[in-house]
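What follows is one structure encoded as structure tokens, with my remarks underneath.
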Amino acid sequence: MPIKTLMGPGPSTAYPRILEAAKQPLVGHLHPEFVKLMSDVQDQLRYTFQTESKYTIAISGTGHAAMEAAVANFVEPDDHVLVGVNGIWGERMCDLVQRYLGVPVRMVKPGGEVFTMEEIEAELKRDERIKLVFLTHGESSTGTLQPIEGIGDLVHSHGALFFLDTVCTLGCVPFNVGSQGIDITYSGSQKCLGAPPGSSPLTVSQGAMEKLRSRKQPPFTYYFDLNLLGEYWGFNDNPRWYHHTGMVTNMYTLREALSILQEEGLEKAWDRHRQAAERLWAGLEALGLELFVENPELRLPTVTTVKVPEGVDWKDVSGHMMSKYKIEISGGLGPTAGKVWRIGIMGYNAGPQQVNRLLQALKDALDLYKPKAEL
């Protein structure tokens, strides 16, 4: 396979150390060495999520698997779920809620905008049946960063659970599951953590587990049932119980990714990603490009959306960058399809050299494909 620099919305370029970790020999998924590794990963994820919850695991599957696991366990038939829809991930959550017989309550804003406390509170007052409130912390289809301070307390005051997608923010953008009252959140290994896809972090609160255990009927899934997964992951301190064949190699790589993050430290990693994003934003504006999200405080540092100039085919530019430089950037998704490029600055790629190289490749492509001024 060719060596490529993956600077789209994910997966991101893996750290070399992580790829080396994948070469370790296979062991059995219930061997004591692997059980110890699982426990190590749980402790590392608690640090990364900033939580003390014992209900912290890595789902065997990509980020979508953790997303569906969360819905399958915590959405019961006829549960009203307030869903913030300002991009594709809110739309997809509505789809999942319906598939598990819940009732999505759509709270809609245009792509590029975020939700305010006042808007969320108004919806909670309007529908007292709401059991969960779902938001996307980093909306990678539009490039927004959802402010979450105070939302957990607001949601809890209305007797609901706070449910957050952190696929594009875990390890790269500040948030604290414990202090911000986040009851359910999931992520992916292949974005900020810089590991291969296939093992997806999930953590839930005591309150969320109480909701699960009080269900009138079991979750409509075996593979994602946290009651059963908990016996494999040691929720109840019982001997580990066979639920499924754990993804041994993926766990090697996830552990290495989390080790790299711990060595750097969360705050330093957050700062590094912010600095890399600001370097990228300044460079894009110097090229005469316009950012899709106007307010820098509401821009997602990990995935930047850039408006495609009039007269330019986004595919020509991204294709040139790949063919000449082996650098990937992506087009829009959902509400931004055909309108923007999406540039990922995550994990291994969140550094000045990588950003500078991307900007040079982008300039070269724009010089080639941007319409020439008429003489």
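Quick check: anything in region 152-168 outside any strand (DSSP E or B), open to solvent by 10 Å² or more (accessible area, probe 1.4 Å), out of contact with any Cys (no Cβ under 9 Å at 6 or more places or on another chain) and farther than 27 Å from residue 79 by Cα?
No, because not a single residue in region 152-168 is outside any strand (DSSP E or B), open to solvent by 10 Å² or more (accessible area, probe 1.4 Å), out of contact with any Cys (no Cβ under 9 Å at 6 or more places or on another chain) and farther than 27 Å from residue 79 by Cα.
Can you pull out the helices (runs of 4 or more DSSP H) entirely within region 1-117 that have at least 1 residues that are of a type in the set (S, T, N, Q), farther than 21 Å from residue 172 by Cβ and open to solvent by less than 20 Å² (accessible area, probe 1.4 Å)?
63-74
For region 118-149, name all the residues that are among the small types (Gly, Ala, Ser) and open to solvent by 30 Å² or more (accessible area, probe 1.4 Å).
Matches in region 118-149: 122 only.
Within the set of pairs 6+ apart or on separate chains, which have a first residue in region 1-23 that is under 15 Å from residue 256 (Cβ atoms), a second that is among the β-branched types (Val, Ile, Thr), and C-beta atoms under 7 Å apart?
13/5; 15/260; 17/260; 18/253; 21/253; 22/249; 22/253
One line per residue, one yes/no per condition, for (1) within 26 Å of residue 342 (Cβ to Cβ); (2) touching a strand residue (DSSP E or B) at 6+ places or on another chain (Cβ under 7 Å):
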position: 168; (1), (2): yes, yes
position: 178; (1), (2): no, no
position: 182; (1), (2): yes, yes
position: 186; (1), (2): yes, yes
position: 190; (1), (2): yes, no
position: 204; (1), (2): no, yes
position: 209; (1), (2): no, no
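The values are calculated or read from the model by the stated rules, or taken from the named source; none is laboratory data. Since this is a predicted model, take the numbers as computed values, not measurements. Using ideal geometry, Cβ is built from the backbone for each residue, glycine included, and neighbour counts are taken over all protein chains shown. Each accessible area value is taken on the protein alone, full model and side chains, heavy atoms only, with ligands, DNA and RNA left out. Shrake-Rupley method; radii C 1.70, N 1.55, O 1.52, S 1.80 Å.
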